[in-house]
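Some notes on the structure that comes next.
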Amino acid sequence: MPIELLIATVINGLIAGTMYAIFAGGLTLIWGTMKMLNFAHGAFFMVGGYVLYMLYQANHLNPVLAIAVALLVVYLISLLVERAVIRPLLNKATWPLTTIIATLGVMIFLQNGALNIWGADYKSLDYFVDGIVRVMGVRVSYQRLLIFLVSIVTLGVMWYLLKYTRFGMALRATAQDPDAAKLYGINVLRVYSQTYALSAVLGGIAAVMMAPIVSVNPLMGVGPLLKGFVVVILGGLGSFAGAIVGGLLLGVLEAIGSLYTSAEWGDVISYAILIFIIWAKPWGLLGIEERN
């Protein structure tokens with residue numbers, strides 16, 4: 001096998017992996033803070049893609065401005081969902097189950113809304129930047145390089161936000177013990193609300209960067225949602241660092257596996273990895289084993 005082909009495969013795997021990491025980072029934030037599985041995450045991904053399509057492709061708005069507006073719309077819709085759907089379920093004994101049902105309902109509602117508004121046809125978007133650059137002797141499009149750079153910046157900003165800001169400290173305190181956090185004057189409800197919205201924005205960032213490559217349709221968030229859960233379990237539930245490691249690892253393993261088999265085997269490889277991790281290390285690569 002030519003070494004150039006292997007290098008190209010690894011590069012594409014890393015690029016896909018950074019997107020997995022950003023998307024899964026949102027899921028793991030919600031789990032780590034609120035202990036809930038957010039099935040609406042894929043729908044927020046889809047909303048970001050459609051808003052970008054309407055502004056950038058259909059109305060030829062500047063891509064930077066279109067991306068900013070798309071992320072703002074995702075942020076506002078997620079705040080509305082958190083306030084109207086998630087918050088009334090807080091402190092209920094059936095919290096783990098009811099939030100799954102509720103977020104599934106939100107996902108179905110938004111998907112059907114998109115289907116009625118835009119139809120089932122795939123919407124294609126132009127690349128934000130055209131051209132090819134050589135990386136280690138391999139041709140990589142500027143669009144994919146842009147995706148990688150935006151991903152690295154986003155993950156770096158998130159790492160700083162969670163580690164060194166007041167909000168990050170409040171989030172970590174709330175995740176460890178909400179009752180103790182309240183005693184220290186932390187507004188736990190506000191932390192929940194902003195964490196939920198921040199999670200959705202991470203999904204929106206993944207959507208707007210990937211939309212020119214994968215196209216936009218009402219079900220575009222289902223695949224990333226399933227892959228996101230794979231990454232979260234692979235890296236460790238509640239671990240943002242685990243989401244980064246898991247995303248990069250899954251992207252590279254998928255790419256290399258598809259190279260030796262075919263692209264259709266990508267999902268099979270992902271779920272095979274998931275089954276192995278659940279069997280070998282159910283708390284994930286960077287997760288903490290829970291003991292009774």
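The values are calculated or read from the model by the stated rules, or taken from the named source; none is laboratory data. For clarity, every value in this text was computed on a predicted model and none was experimentally measured. Cβ atoms come from the backbone with ideal geometry, glycine included; neighbour counts cover every protein chain shown.
Of note:
- Inspection of the stretch 235-257 identifies no residue that is free of Cβ contacts under 8 Å to residues at least 24 places away in the same chain, among the β-branched types (Val, Ile, Thr) and surrounded by fewer than 21 Cβ atoms within 10 Å (Cβ to Cβ).
- Every residue from the stretch 1-52 that is closer than 21 Å to ILE244 by Cβ, among the aromatic types (Phe, Trp, Tyr) and surrounded by fewer than 24 Cβ atoms within 10 Å (Cβ to Cβ): TRP31
- Of the residues LEU189, LEU226, LEU219, LEU198, the single one that is surrounded by fewer than 16 Cβ atoms within 10 Å (Cβ to Cβ), farther than 23 Å from THR9 by Cα and within 17 Å of the chain's Cα centre (by Cα) is LEU219.
- GLY105 more than 25 Å from LEU29 (Cα to Cα), of a type in the set (Gly, Ala, Ser), in a helix (DSSP H, G or I) and without any contact (Cβ under 8 Å) to a residue 40 or more places away in the chain: no
- The sole residue among LYS182, LYS123 that is without any contact (Cβ under 8 Å) to a residue 60 or more places away in the chain and not hydrophobic (A, V, I, L, M, F, W, C) is LYS182.
- Only one of LEU104, LEU110, LEU146, LEU162 that is in contact with a Gly (Cβ under 6 Å, 6 or more places away or on another chain), modelled with pLDDT of 90 or more, surrounded by 14 or more Cβ atoms within 10 Å (Cβ to Cβ) and not aromatic (Phe, Trp, Tyr): LEU162
- Condition check for THR94: closer than 17 Å to LEU37 by Cβ and free of Cβ contacts under 8 Å to residues at least 12 places away in the same chain: yes
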